[in-house]
Every structure is written in structure tokens, then in C-alpha cells.
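Chemist: Here it is, the structure in full.
What follows draws every value from the coordinates through simple rules; no lab data is involved. Every value quoted in this text rests on a predicted model; they were computed, and no experiment measured them. With ideal geometry, Cβ positions are generated from the backbone for all residues, glycine too; neighbour counts draw on all protein chains shown.
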């Protein structure tokens, strides 16, 4: 039962846009609480749902399910549904029900309906969509035409979503009930989706109230087309069709191309592809990209989407050429990130302590919250303002976000993701825009949509990431200064001791996913224990997620990990320590003698730095995604003798350095601190943020 | 030595109480306070102050054992079935339940006096009209369950890094925070009005924006809106806030305010409208209490521009925190319950 509930919960959360997922998880505080919420209600609600007299309450339930499973602003629709008589009656039983709980109930009722279906051939969403469509079709004949047309449109889009979620045949069956001619036509998924779009009322584009629907349709269409055809060319063709036929007020191209590009990166020259949310992070894909980028990216670079992106950059450069940039010499810095401040604490501390510098901060996730910017919407140049105007009148003009942007001289954007995309389009050229890219962004589609002509400086945290990035982007970075500056860390407070209990103890801080590759740690441990059974492995960090929360790739890896653990007879030699708060990392590392990095891909692997600063001997794999650039040996140049290319090398190094004395541990820690502490890295970052006048002049000439 | 009283407690129809909602949080704090001097049972399970939830099961069930006192809030059906002596919260008013009760529970001194002394009611007419019939009078004993700072709440705010992250979300400047229910009856309108005339003043809001706040959404958008923040993260958020704000409704004038206590417990000063409850918690001479919008504007200005004033306010905040310690509130409430037992001839 608990697994079913867990799946249901995960599915419901996944159905929400990113900003709401964060919101929901935040409201619930922790997944455990969420699960309990679901458990407590499930049986009772299912019973109630099954007891209702059909068909009377079903349309209401159906609409609610559509609402619950929709990607489009579910909370808004939930609010709208509260006006329905039957929903009101349901809510009257518990007036304090939150929107999320309400949606949860609806989803559970839907599942109960599905379970009750004697044929067992149809799913809750299908019943829901079918009923909702039928009901709304009937309502269209009634007086309130405009509003009802929107409802029809909304439900048709749900149908498109269904196609994505399930299979074309099921959708076609449903569609046959409402539009027989359309459903029986011989066409592929993309064309079918296009036909559904054509069934939308003609004047929908002119109706501001319908814009949320329109702004998502390209997303759905691209999703459908890509996931069903796995064919970049047909998707590209479809995107062109969208651009040609779409309403002028709506720019579908970038949201569509995010999906298109994700698919391109997924296959990445390998027709079979790998089912992974970030396919370029798979080592063999990234290696292919490193060696054959031109060919692999050719479809994208020949696409309409790419041309639009490049046109925009060309226009920005042309504008800069006719009106030379006058970058302010001011030192008002606005630091922006999207929810994750982890690597910024030391940076902001340093800025605050600099004479003449003022530092303010802004969380772009809050902009999405306040102005209804979804991550994908944020990719659209005008969306922040149009969306804000739609929901808050002219409040965006007076918004804190806009005020802070106007105030700042330098905008430092952490992570090269949607905030960087949005700001590269939005900011006037008088503002200095600096973007810091860590690692995963170089393997994601997002940087393809940045207007690089408006980015003054790009900071990488590792040399190999810069090299990999340039394989994909070098021709677009002519205007942008590129610098490698390691993460800014304060290692001054780290303690190191030489206690003997650390000897022959491998430590791995952060292990619970395929990228961290703890299976290799097991291989190393097995080899070490063949000669010396004292060797142990401490795995620190959050436990593996539940199976239901994992994608196929991660689940397969997790299963294999535990199979290895048993097969290698290492159960007693591996200790799962659990989560370690950041302030306790040093203490936890003092129980480990060696810090292990077996990852497929890393930018810097912070856990290794923290281990070294605690006196752990590092054992660092030459990360495969950057092996061609000797990534790990470059990042850990001062300790490169501890980088390995094979399990055998790792075992040999561990045997040689498994039990160093206290002086040796202190020496390793001292080398690490000298190389990786902020004393060594911060000046470089400050130079990028506040370039010397000559550098500014040079930049303005470009 | 007197035996610790055994008190059976229940709230609404919740078999288990956890910190999922504001009203449950308030009730859990009352139980924690009672457990300092009594053996408290929630839905039959002994309350452990260090636990994250109290009780067991989905629904309340009638106690099987005998207890010295039964305290129930918001569950009339259950209350009617309980043996005596039993007490209930003094709102909402319910003629039958009040008649059945051996005593009524309040959380503040002013509330107690208003129930006992009709002559004091006129300035609080709105509150009284909202919750009680015009002619309400009771001869029942009134017991004050004194509210206190919850030490476990303050203890959560341990991580500097999390606190810093909240400060960054608050744009890395001094922010006045209003966290909780965001609806027409709850917002600090005097402060919001005062803030409009001083561009230095930045407000932060957290909570769900209720549907009646269409007009205010524009104002909120000009400041920091954090969305809904989980209870477990509230201590860090409050600790990252320069100063917190509190509501101005008629309920705020009389009912208790955990919001104020949470803030001072974390050493964060409060600027709020003066009322008897805040006088009780903060002291009548507390610098952060204002009487009208002009006064509120002056306080905001002083907070941002007058370092000495701010230091004095911080010192007063620390002193107020000491006065509202859990042990003191428990001792006070223990005496109140002893008085109740004497008045009704129990134990």
C-alpha cells in the first residue's frame, strides 16, 4: 500500500510545474509527512468515491482530475473549481482543506475510479478527460460560448498531454468520441497533435484569458512529437509549422526547442539513446560530443530555432557596435541564483567586506513565484513582463526584482540556467553581466538559449568544464570573457588529526546516484579486502531514494549496487552513515582515512576538497566525461599523484597510502588548503566582477 | 509532596497532533507547557516534549483511565461525553458546552479580565461581538494557560548557513517580516501604509495569499514574497529577518500571539501595534509598540536609522524573552489549575 501511495504522491508532485513542486514539498516539509497525509485519507476517500452515484458526480470529479494532473497552473484551476456546486459540497466537509490537499483528494478519487472500472482497460485520467470533454462539448452549445470554448481548449490540451503520458491509440480512442473525423485520419503523433490544435477555437489567440493555454501548447506539442517520433527532423519541421501558424503574440519556438534539444542530446549520435534525464551526462554521450560536436550539433545548428537564437545575438552585437557600451565602474553587485545558494556564502561574505562594494541578492525562484514565471516561460524574452502584467497589473514595473536590477552595476548570476537566459535578454547593455557555470549546465540544453552577446564574463569552476563547453559554444562566445576560477571556500576552520582509527577507512561523501558510481567503490573495497580485511567503506550522505522515486536508469543502478554489495560479501564492511549537515562535514571526515571520488562526471567534487582539508588521502578517479582533458588531474593538480585511471591503480594507491602518520595527513591537508582555500581563489573572481578600467575598455570595444 | 496532576487533552478530532498547521502548533505548545508540571496525555498517549508529534491514531477516542482534568478544544461531541472535571477553550462560544464545562481556558490576561469584568469590554467591542453574545456572563472559573517561548522552536535555528540562505532570499538587507496568514483580517496595514512613504523599508511576506487580497497583491509584489515556508524552516527565516511584524486584527488585541513569542525567542525584535497582549509579553515600555500609522512610520525609520535606538530595542527584546520563558509560564499555569481545583472542589 505504501508503495502505491508513494507513487501516487510522486506522480502528483511531478505533474506540477517546478516552482509548485518546490512549493508543495516545502509546504509538506518532508516526504514522510506527505505520505502520511496521503495514507490517512486514501482509504476513506476511495470508499467515498466508489459510493457516489454515477453518473452525476463524475463530471465534477473528472474535471478535478484534469486539474490535478494538468501542468498548467493547477492551483489556479483548483481555485476556479471551488465554484462548482459539487466541489463546494465536497469542500464543505472540510473547509480548511488546502489547495494541495484538495488536488490530492481529486487524484485519489480518480485512482479509485480507475480501480472500480470493471474493464480495467482505461485509466483515471482517460475517464476524466473523456467525461470532461463530453460535458464541455455539450456545454459549448449553451449561452456562455467564450468561456466554454476555453474549457474545451483546456481539455483538448489535456488530451495532448495524455498522448504524451500514455499512447496514441488510447488518445485516438478518446478523440473518436468527440471528433470522429480527426481521430480516424491516418497520421502520426505530431500531426495528430497538430490537428488537435487546429480544433482549438480560432479566436482563442485574441483572448487574453486563454494565453496560459496557448503558452503551453508548444511545450506539449514538442513533447508529443519528440517522445513519439524520436526524430529531430520531423520535430524541427513541426516547430517551423508552429512558428508559421502560431498567434503573433506568442513565441513558441524556444520552449519547443528545449524539448527538441533535449532529445537531440539524448540520442547524441547514438540512435538507441539512453533513458536519462540529462543524456549528455552519460560518459559515452559526452565523449561523442567532445570528438564529433560539429556533426552531432548540425541538426540544431541548421534549425530554425538556432537561427532565431543567433539572429538575436547578432542584433545585440550590432546594437553594441552602433552604441558603444559604457559599462559602469560602480560596485553595486546583485547576486542572483535560482534557489541554490550553496556555493555563494563565501562570495557574498567577501563582497560585503570589500570597501566600497554594496551587495544585494535576489532569488530568481521567487520571481517565478511572484510573477508566475515557470522555468520554461522564463526562457521567453518578454514573459516576465507579460506574465506579470497578466497577473499583477503593472506591478512588475514597480517590483522589487526590477528595482534591484535597475540599482545594480554588476549582476552575478550563479548557474547558467534560466535566470541567465532571461537576464541575457532582459538586461540593458550598461549592466555588467557575469555568469558562473558549475558543471551540470554544460551538459544541459539551457546554455543554448542564452544571448551570449549580452554576457560580459563567464566563470567556470573547472578547466575541463570550460573546454567541454567550448566544444559546443566557442563560436558564440567571442564577446564573452572566459575564466576558470575554482569554487570559493573557507577551509580555514577545518581540523585535521592523525588518529589511527582512520587508517584503512575509505570515505565517500555523497554516493546515492549513478553519477557518483559507488559500485566502483565496492570494487576497490573488495580488492583491498582480499589482502587486508581491515579495510572498510563509510558512505556518507542522504540514503538512496525509494525505488518509486527513481527513473529507470537510476533504479537499475541502485539495484545493481545492492546486488554487488551482497555478491562481494561486503555487507559488514560498508557503513551507511546517513546525512551529514554541512557544519558537521569536517567532524565526519575525521573518521575516514581516504576520500574517494569514483564519479562519472564532476566539476570540482567538493566532498574531495573537504576530505583533503580534513587530512584524508584523496583517491580521485580521472572522471570519464572529462578524461580527454585530464579533468581531475587539472582540478587536483597539486595532488595529481592521487588521481587514478583504473580500479587497479586506485587499489595500489590506497595500499601505499592507507595508513599515513599524523605528519603526512597534515601535509596533505596543508597542500589542499593552500590550493583550494578562498585565499587562493577569491582574488580571481573579484577581478572578473570588477575588471580594471583597461579591461573594461577592452570589453566595450568588442 | 503533591502528586503531579494527570491531564487528558484533545483537539478537534485529531488522534495525532503534529506541526502541520498553525492551530495544531499552538495546541502542541500548550501541551508542552502543561507537561512541565503535569502528566499530560494526548488522546491517551503520554506527551513527550521532545517528540515531533503527540498522540496516536487518526481520531480522538474517549479515555479509558481516570484523569484529574480533561481539557478539550474544538470537539463538542467528545467534550459532552467526558467525565468531570473538564475545561474547554473560551472560544468559540457555545452555550451548551460552556454550561457543561467546569472552567474556561484563556491564553492571555486581558482575555480573562474581559470575560470576568463586563465593564472592561467596550474598547474590545469588535472582538466581543465576533465571539460572544452581547449579554455574555460567566461565573465559571477562568484558567489562563499562559503562552511561552517554545525552546524547541528556537533550537531549530542552529545552522548559520541556512540562516544566511534565508538572508539572501531576503535580498541581503534589513527586512521587516510578516509571516503567517495573509488575508484581509491579518495583514499589518499600518506598517504597509507607513512603508509606502519610506523607500528604505522593505517588507517580506510568507504564507498563502488568500483570495480576498487582490488589491494588496500589488503591494506584496513590491516587496519580498517568499511563498509558503514549512514550519521547520521558520526559525531560520525569522532569525534572518531584521525585525518581525504582527497582525492588527481585533483577535490580535485579545488572543495570544505565538508569532511575537517566536520572534523574541530568537532574539529578533518586533514592531507591532500596541495592545494589552503585547504589553503583557513585551512590557508596556517596549520601544517597538506603536499606536497609529504615523507612530509606526517613526519606528520603522528609527529602526533603520538610529543605531542606539535599535540596540535598546534589542536589549528590551532579550529581556522580554527572559520574562516569557517556558518554566515561568508553566509555574503560572500550575497555580491557575490549582486554583481551579480548589474552586470546584476537585482532587
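Chemist: Tell me whether segment A:388-531 comes out rounded, prolate or oblate; compute the Cα gyration tensor, take square roots of the eigenvalues as a ≥ b ≥ c, and use a/c under 1.5 as the rounded threshold.
Modeler: Prolate.
Chemist: How many nm separate the modelled label positions at residue A:295 and residue A:576, each set 7 Å beyond the Cα in the direction of the Cβ?
Modeler: Label at residue A:295, label at residue A:576, 4.4 nm between them.
Chemist: Further question: With springs only between Cα atoms under 10 Å apart, run a GNM on chain B and tell me which of B:109, B:306, B:174 wobbles the most.
Modeler: Top of the fluctuation ranking is B:306.
Chemist: Determine the gain in length on full extension of the stretch residue B:160-residue B:284; use 0.36 nm per residue of separation and subtract their C-alpha separation, reporting nm with one decimal.
Modeler: Extra length from residue B:160 to residue B:284 when fully extended: 41.3 nm.
Chemist: Taking every residue in B:199-206, how many Cβ atoms of other protein chains lie within 10 Å of its Cβ, on average?
Modeler: The mean count of partner-chain Cβ atoms within 10 Å per residue comes to 1.
Chemist: Further, regarding this structure: So what's the convex hull volume per residue for the Cα atoms of segment A:578-695, in Å³?
Modeler: Cα-based convex hull of segment A:578-695, divided per residue, equals 135 Å³.
Chemist: Right, something else. In a Gaussian network model over chain B where Cα atoms closer than 10 Å are linked, find which of B:232, B:144, B:316 has the largest mean-square fluctuation.
Modeler: Residue with maximal mean-square fluctuation among B:232, B:144, B:316: B:232.
Chemist: Okay, moving on. Along Cα→Cβ, 7 Å out, is where each label goes; now give me the distance between the ones at residue B:174 and residue A:692 in nm to one decimal.
Modeler: 3.9 nm
Chemist: What's the long-distance tail for segment A:500-676, i.e. % of Cα pairs beyond 19 Å?
Modeler: Of all Cα-Cα pairs in segment A:500-676, 54 percent lie more than 19 Å apart.
Chemist: Hey, could you grab the Kirkwood Rh for segment B:184-271? Inverse mean 1/r over distinct alpha carbon pairs, Å, one decimal.
Modeler: Roughly 13.9 Å, rounded to one decimal.
Chemist: Using a Förster distance of 60 angstrom, determine the FRET efficiency expected from the C-beta separation of residue B:58 and residue A:680, and round it to 0.05.
Modeler: Approximately 0.55, to the nearest 0.05.
Chemist: Follow-up. Can you tell me the FRET efficiency between residue A:403 and residue A:354 if r is taken as the Cβ-Cβ distance and R0 is 22 Å, rounded to the nearest 0.05?
Modeler: 0.45
Chemist: If R₀ is 56 angstrom, what is the calculated FRET efficiency for the pair residue B:49 and residue A:667, using the beta carbon separation as r and rounding to 0.05?
Modeler: It comes out at approximately 0.70.
Chemist: Across peptide B:222-235, what mean number of C-beta atoms from other chains lies inside 10 Å of a residue's C-beta?
Modeler: Neighbouring Cβ atoms belonging to other protein chains average 5 per residue here.
Chemist: Give or take rounding to whole Å, what are the principal axis extents of the alpha carbon atoms in segment B:294-347, in descending order?
Modeler: 57, 24, 9
Chemist: Do you know the relative contact order of chain B, to the nearest whole percent, from alpha carbon pairs under 8 angstrom that are 6+ apart?
Modeler: It comes to 16 percent, rounded to a whole number.
Chemist: Moving on to the next point. So between residue B:291 and residue B:80, what do we pick up on full extension, going 0.36 nm a residue minus the alpha carbon distance?
Modeler: 71.7 nm
Chemist: Using the basic label-point model (7 angstrom from Cα toward the beta carbon), what is the residue B:95 to residue B:325 distance in nanometres?
Modeler: Rounded to a tenth, the inter-label distance reads 4.7 nm.
Chemist: If I stretch the segment between residue B:130 and residue B:306 completely, what's the gain in nm (0.36 nm per residue apart, minus their alpha carbon distance), one decimal?
Modeler: Here the segment from residue B:130 to residue B:306 would lengthen by 59.3 nm.
Chemist: Ranked from highest to lowest mean number of other Cβ atoms within 10 Å per residue, what is the order of the peptides B:48-60, B:246-258?
Modeler: The peptides rank, most packed first, as B:246-258, B:48-60.
Chemist: Can you give the Kirkwood hydrodynamic radius of segment A:529-616 from its Cα pairs, in Å with one decimal?
Modeler: One over the average 1/r among Cα pairs gives 14.8 Å for segment A:529-616.
Chemist: Taking every eigenvalue of the Cα gyration tensor of segment B:255-311, multiplying by 5 and rooting it, what semi-axes result, largest first, whole Å?
Modeler: Each semi-axis is √(5λ); the values are 19, 14, 9 Å.
Chemist: Place a point 7 Å from the Cα of residue B:152 along the Cα-to-Cβ direction; which residues of segment B:255-283 have their backbone N under 20 Å from it?
Modeler: Answer for segment B:255-283: B:257-267.
Chemist: Once a ≥ b ≥ c are taken as the square roots of the eigenvalues of the Cα gyration tensor of segment B:152-324, is the result rounded (a/c under 1.5), prolate (a/b larger than b/c) or oblate (a/b not larger than b/c)?
Modeler: Here segment B:152-324 falls in the rounded category.
Chemist: May I ask for log10 I(q)/I(0) of chain B at q = 0.10, 0.11, 0.14 Å⁻¹, from a Debye sum over the Cα atoms as equal point scatterers with solvent left out?
Modeler: -0.63, -0.76, -1.19
Chemist: Other chains' Cβ within 10 Å of B:169-182 residues: what's the mean?
Modeler: 3
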